[in-house]
1. Work out the length of the dipole vector of region 92-213 about its Cα centre, built from +1 on the beta-carbon of each Lys and Arg and -1 on the beta-carbon of each Asp and Glu, and round it to the nearest 20 debye.
2. With every protein chain in place, what's the accessible area of TRP57 (1.4 Å probe, Å², nearest 10)?
3. Does region 19-148 come out rounded, prolate or oblate by the C-alpha gyration tensor, with a ≥ b ≥ c the root eigenvalues, rounded set by a/c under 1.5 and, if not, prolate when a/b is larger than b/c and oblate if not?
4. Taking Cα centroids, how far is region 45-92 from region 164-216 in Å?
5. Rank by packing, highest mean first: peptides 167-179, 125-137, with packing defined as the count of other Cβ atoms within 10 Å averaged across residues.
6. Tally the DSSP beta bridges in the chain and give the antiparallel ones as a percent, rounded to 5.
7. Let me check I have the definition right: for region 1-84, take the eigenvalues of the Cα gyration tensor, multiply each by 5, take square roots. What are those semi-axes in whole Å, largest first?
8. Over 16 Å apart: what share of the alpha carbon pairs of region 23-67 falls there, rounded to a whole percent?
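The values are calculated or read from the model by the stated rules, or taken from the named source; none is laboratory data. Predicted model, so just to flag it, every value in this text is computed and none were measured. Don't worry about glycine lacking a Cβ; one is built from the backbone with ideal geometry, like all the others, and counts go over all protein chains shown. Note: areas computed on protein heavy atoms with side chains; ligands, DNA, RNA excluded. Shrake-Rupley method; radii C 1.70, N 1.55, O 1.52, S 1.80 Å.
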Amino acid sequence: MIHPDGTPVPPLPDLRFVALDAAALGLEGARMSYMEAGEGPATVLCLHGIGANSMGWRFSLAGLARQARVIAWNAPGYMLTDGFAADAPAPAHYADVAVALLDALGARGKVHLLGSSFGSMLAACIAARHPGRVSRMALLGTSRGQRWKGAEERARMLEMRAASIGDGPMALASGRSDRLIAPDAPDAVRALVRNVVAATNPRGYMQAARCTDVVDVVEDFCPSIACPTLCITGEADAVNLPAVGRSVAEAIRGARFVSPTAVGHLPEIEAPSRTLGLLREHFFREPA
């Protein structure tokens, strides 16, 4: 199968599992799942969005594996990873689980962070909270969190999230997937996105929704971020508008902002060739 942009659609790696310290991390159980490709010398940790999982990094896992060990986590509450015990975990809780995963997999030095949407918010938290563990960072469909929007809009967003997952993940996939991509995205891209979204766990989804509700990335994390950062927000992103990504980039010293044309909220799936070029240039200094 070939993606409409000419990129071969690679098979996904097997799902892998590792045990973490559940009590120390506030998790209901020790099981963490992830996918992995490549051997290094660099390491890239991929952090998915609120309605996604490691399957959404299909092209990144294959496309960055020549230069790096690429690890795509499934956040607590996603794809057979045990969830948090608390109903409203803080971003620091996710960040600490991510670092614990890296430690458990022997990736104890600095890594590159690659975050999509909610995962971009978590990447910013990791870079601020654990600066010694982050080399470079790329934020796709860049999220600022929800706190900056005000109480009324935040309440509306939480109600929308609860309603969208209320009928289960298959209804979420059919009802919300099209909003995640550009209006004229090919059917093959729509199918890839729906397949990712359909795996969403309702409780994990709402834990992530409550987490992002209390965050403003610009105020909470950006002042403490020192690593080279690339923000990519598609011109057609209807979830986190380009102005949102630009505001995050402008708040991080030296960050670069790119807004690809005809791309929505998921450049890693919608435009893998262009996105991989930007990522290789940013992470590995290869020409885009």
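1. 380
2. The value for TRP57 is about 0 Å².
3. Verdict is rounded for region 19-148.
4. 14
5. Sorting 167-179, 125-137 by mean packing, highest first, produces 125-137, 167-179.
6. Once the DSSP bridges in the chain are tallied, antiparallel ones form about 30 percent.
7. Values for region 1-84, descending: 26, 15, 9 Å.
8. So the portion of pairs separated by more than 16 Å is 50 percent.
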